[in-house]
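Peer 1: Below is a structure I'd like to ask you about.
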Amino acid sequence: MSGVELQRAFAARIRQPKQQPLLAGISAERMAVYERLFFNTIEGFISGAFPVLRRLFEAPRWEQLVRAFIAEHRALTPYFLQISQEFLAWLQQGYVAAAGDPPFILELAHYEWVELALDISEAELPEQGWSALAWPLAYQWPVQRIGAEYRPSEAPGEATCLLVWRDRQDKVRFMQLSPFAYQLALRLQGGEAALEALQDLARQHGLTTDEAYLSNGQRLLDDWQRQGIWFAAAAPSIL
């Protein structure tokens, strides 16, 4: 067996210790050390990135999920900090639900991943416009409320709209948005001017762009600017 073949066989064994044969010349006890270190490292990164999700599973099922990820997924990056992104990709593409798994697992995992993604992002706050570090999100499930004591079995009738952003102090923050604010955030994120976005939303919702409407819009924009989400140009007022 060549060196490359030996490495592949070794990697196959630590990925699937119960399915792959033991390598010649390596004792089961010694191989078990490598297998345990490998699994514990990967599991530790995943549990750290998805703490709420982890607490929703009993240990045997959680281990089963992590081992399935290790065995089935072909990662596109070697960086440890991006293991959570790879795990999320596996959940979205290769995960097979088992009886008792929560129905909101994909959305909850995405919500938890967003926090880490923004925390390590190299994007910077802009001088004006919508911040690349502010992500408007919509979920079928109320992911921000889910935990050990709240595990809904049915999704509510309305979507949960959220904004997750990294502020000027590099702290990741979360807020819930009304459907209207969510639509406005999407438009600003897409590069629309604030006044143009507000006027178009008013037309869509059958609202009048009077002083009261624009004043409410201005207060929302001022609040987003104060929190480092959106940054006005030289003339900040839309009134």
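The values are calculated or read from the model by the stated rules, or taken from the named source; none is laboratory data. Quick caveat: nothing in here was measured; it's all calculated off a predicted structure. Methodologically, a virtual Cβ is constructed for each residue, glycine included, from the backbone with ideal geometry; neighbour enumeration extends over all protein chains shown.
Peer 1: Only residues that are of a type in the set (Lys, Arg) and surrounded by 13 or more Cβ atoms within 10 Å (Cβ to Cβ): list them for region 152-179, please. Outline the logic, then answer.
Peer 2: Initial filter on region 152-179 (of a type in the set (Lys, Arg)): 166, 168, 171, 173.
166, 173 - these are the residues of region 152-179 that are of a type in the set (Lys, Arg) and surrounded by 13 or more Cβ atoms within 10 Å (Cβ to Cβ).
Peer 1: So, restricting to helices (runs of 4 or more DSSP H) that lie completely within region 37-111, which ones have at least 2 residues that are among the charged types (D, E, K, R) and under 17 Å from residue 148 (Cα atoms)?
Peer 2: Numbers: elements: 51-55, 59-72, 83-93.
The qualifying helices (runs of 4 or more DSSP H) are 51-55.
Peer 1: Within the group 195, 207, which residue is farther than 18 Å from residue 132 by Cβ, in a helix (DSSP H, G or I) and among the hydrophobic types (A, V, I, L, M, F, W, C)? Talk me through it step by step, then tell me what you get.
Peer 2: Working: 207 fails: in a helix (DSSP H, G or I).
Going through 195, 207 in turn, just one is farther than 18 Å from residue 132 by Cβ, in a helix (DSSP H, G or I) and among the hydrophobic types (A, V, I, L, M, F, W, C): 195.
Peer 1: Does residue 117 satisfy being touching a residue at least 12 places away in the same chain (Cβ under 8 Å) and farther than 25 Å from residue 231 by Cα?
Peer 2: Numbers: touching a residue at least 12 places away in the same chain (Cβ under 8 Å): yes; farther than 25 Å from residue 231 by Cα: no.
When the stated conditions are applied, residue 117 does not pass them.
Peer 1: Examine region 116-126 for a residue that is charged (D, E, K, R), surrounded by 12 or more Cβ atoms within 10 Å (Cβ to Cβ) and not assigned by TED's automatic domain parsing to the domain that holds residue 70, and state whether such a residue exists. Let's see the steps before the verdict.
Peer 2: Narrowing region 116-126 to residues charged (D, E, K, R): 119, 122, 124.
If we keep only those that are surrounded by 12 or more Cβ atoms within 10 Å (Cβ to Cβ) too, we end up with 119.
When the remaining residues are screened for being not assigned by TED's automatic domain parsing to the domain that holds residue 70, the result is 119.
Checked against the condition, which is being charged (D, E, K, R), surrounded by 12 or more Cβ atoms within 10 Å (Cβ to Cβ) and not assigned by TED's automatic domain parsing to the domain that holds residue 70, region 116-126 yields at least one hit.
Peer 1: Follow-up. Is it fair to say residue 170 is acidic (Asp, Glu) and either in a loop (DSSP other than H, G, I, E, B) or in contact (Cβ under 8 Å) with a residue 12 or more places away in the chain (or both)?
Peer 2: Details: acidic (Asp, Glu): yes; either in a loop (DSSP other than H, G, I, E, B) or in contact (Cβ under 8 Å) with a residue 12 or more places away in the chain (or both): yes.
Here the answer is yes, as residue 170 does meet what is asked.
Peer 1: Also, quick follow-up: For residue 209, which of the numbered conditions (1) surrounded by 15 or more Cβ atoms within 10 Å (Cβ to Cβ); (2) within 22 Å of residue 233 (Cα to Cα); (3) at pLDDT 95 or above fails to hold?
Peer 2: The number of the failed condition is (3).
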